[in-house]
Structures are given as structure tokens and as C-alpha cells.
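> Here it is, the structure in full.
Readers should treat all values here as calculations from the given coordinates under stated rules, not as data from a laboratory. It should be emphasised that the depicted structure is a prediction, and the values quoted were computed from it without experimental measurement. All Cβ positions, glycine included, derive from the backbone under ideal geometry; neighbour counts span all protein chains shown.
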Amino acid sequence: MSPGIGHRPARVGTETARIVIVEQRTRGCGLLGSILEVAGHPAETTADSFSAQDLLLRNHVDLLLVDVDATGSDPATLIDQFRYRSATTALVLVTESDDVEPKVAALRAGADDYITKPFHPSELVARLEAILRRLPCGTGRELRYAGLSVDLDRLIVTRDEQRVTLTPNELRLAILLLENAERVVSRSQILDRVWQYNFKGESLIIEKVVSNLRKKIDRESEPLIQTIRGFGYTLRRAHH
């Protein structure tokens, strides 16, 4: 069942979206970055997929535009890597290959669009704007699910309209769960997103942070954080 409006962060419009591009460049913006800049959509550009994955772990990104040929990886691998780190970021792949089979496989694997070179700049911009328009609109960047919300700009957390004070690790965990509402988040994903490294005693540390977050957001309301034994945790209403 879909978590409904608010599962993706709301935004004012396409001009406010945060876009990250993965492409090769010599000086300044690459081709994709230049096209978007001219169209009024400034974007961050990185030269490799690993830097993009790090950005997805540390920040909210609305749309990720990837020149597959610049990464040296196959589309399926890229999609798995990016979706592992963010289930809500719109993902658009650009490639020189015009084979139909990889396109279909990429779209079924989680890509939002697949654009073949050469393309007209106006078509690229129009496709990206169409994807951004499909993301729910609102007054700010906010994640919401079943009475729990996080204002991503002010880092304010509320449950049933009551403000909740969280530690930095609890906040990162809450954002991760909200981004993946009704999907299972593994312990490995939690380690990557909350701590960004592995350490001894990880199981006990994760359980402690989950327990503390539960006490703060579920204590006087419908329980949302569910344990999926052997897999991880999910944000889900108990009757689903």
C-alpha cells in the first residue's frame, strides 16, 4: 500500500529542486550541467558515482542525472547502488547505447527515465521538469508519514503536531525510515546512513538508537517503527 502524499519531500517547484549530475568534465560544468544551468536549473556536478552515492547518504537529493558512459559501470549496478542509498531520489540515466533491452531493464529496476544520446537540450530539460512536477508540491521540503514529519530545511521533527527533540543520530535514522516508509531498511543501510562507517558492537548500538527513537515518537501515539526480524526495520502502521 502506498504511504500516500508526503512520502517524497514536498517542494515549492521545479526551480527549487536539488539536482546532482554525474558526468565527466574538464573545466566548470560538463555538458549536462551546462544545459541545466542555461535552463535555470543549477545543479551540483560530480565526476564519479561514488561521490554521488556519498551525497545521497549525507543529503536529500531530488533528482540524480547520470551519464552512464562516464561511470564505467552498467546501468543495473548503478541503479542498485543509488537505490540502496535513497529510495526517493528521482533517477535519470543518459547513455549512448540505443539498445532497447538495457533500457527496459533499467526502467524496471528503478530508473525514472532513460535518455539516449544524441538528444536535444530542450527535450532533456522537458523530461526532467516533467519528473520533478510529479513529485508532490507543498510549502517546503518535508517528509511525512502517518503523523510523523521532518522539516528538512529547519530539521524540525513533529509527531501528531507535537514537536519532538532528537539527537543527530536519531534524526538521521528518522529521515532514513521516512524516505523508505513501508519498505524494510536493513542494518547495513542504517550503518551507512547514520554513522557512515562500520564499528564493533554495531547491533547493540543500532538497537539502542532505534529504542530511543521509538520512545520519542511512538510513546503516546500509534506505533510506527516495526522490527522485521532477520532483516531490519520499517516505518509502517501496525494494521498494514
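> Return the distance in nm (one decimal) between the two label points of a simple spin-label model at Ser97 and Asp54, each offset 7 Å from Cα along Cα→Cβ.
2.7 nm
> Next up: Sorted from fewest to most neighbouring beta carbons within 10 Å, what does the list Leu177, Leu32 look like?
Numbers: Leu177 29, Leu32 26.
Taking fewest neighbouring Cβ atoms as first place, the list is Leu32, Leu177.
> Sort 225-232, 78-85 by packing, meaning the average of other beta carbons within 10 Å per residue, with the highest value first. Intermediate results must be reported in sequence, preceding the final value.
Details: 225-232: 12.5, 78-85: 18.8.
Going by the mean number of other Cβ atoms within 10 Å, highest first, we get 78-85, 225-232.
> Once you order the gyration tensor axes a ≥ b ≥ c over the Cα atoms, which shape class does segment 142-235 get: rounded for a/c under 1.5, otherwise prolate or oblate by comparing a/b with b/c? Write down the numbers at each step before the final one.
Details: a/c = 1.69, a/b = 1.46, b/c = 1.15.
The shape class here is prolate.
> Compare the peptides 36-47, 179-190 by average per-residue count of other Cβ atoms within 10 angstrom and give them in order, highest first.
Details: 36-47: 16.4, 179-190: 18.0.
Going from most to least packed, we get 179-190, 36-47.
> Moving on. When only Cα pairs under 8 Å and 6 or more residues apart are kept, what is the percent relative contact order across segment 18-134?
Values: 175 pairs, mean separation 27.9, N = 117.
Relative contact order of segment 18-134: 24 percent.
> Also, I was wondering about something else. Once the convex hull of the C-alpha atoms of segment 18-134 is built, how many Å³ does it hold per residue, rounded to a whole number?
On the way: hull volume 11.5 nm³, N = 117.
Taking the convex hull of the Cα positions in segment 18-134, it is 98 Å³ per residue.
> Restricting to Cα pairs below 8 Å that are 6+ residues apart, what does the relative contact order work out to for segment 142-235? Please round to a whole percent.
28 percent
> While we're looking at this one, here's another question. Which ³J(HN,Hα) values, rounded to whole Hz and listed in residue order, are derived for segment 163-173 from phi using the Karplus coefficients 6.51, -1.76 and 1.60 in 6.51 cos²θ - 1.76 cosθ + 1.60 with θ = phi - 60°, glycine and proline given as x?
5, 10, 9, 10, 6, x, 5, 5, 5, 4, 5
> Zone of Ser186 (label point 7 Å along Cα→Cβ, backbone N under 18 Å): which residues in segment 77-112?
Those under the cut-off are 77-88, 109-110.
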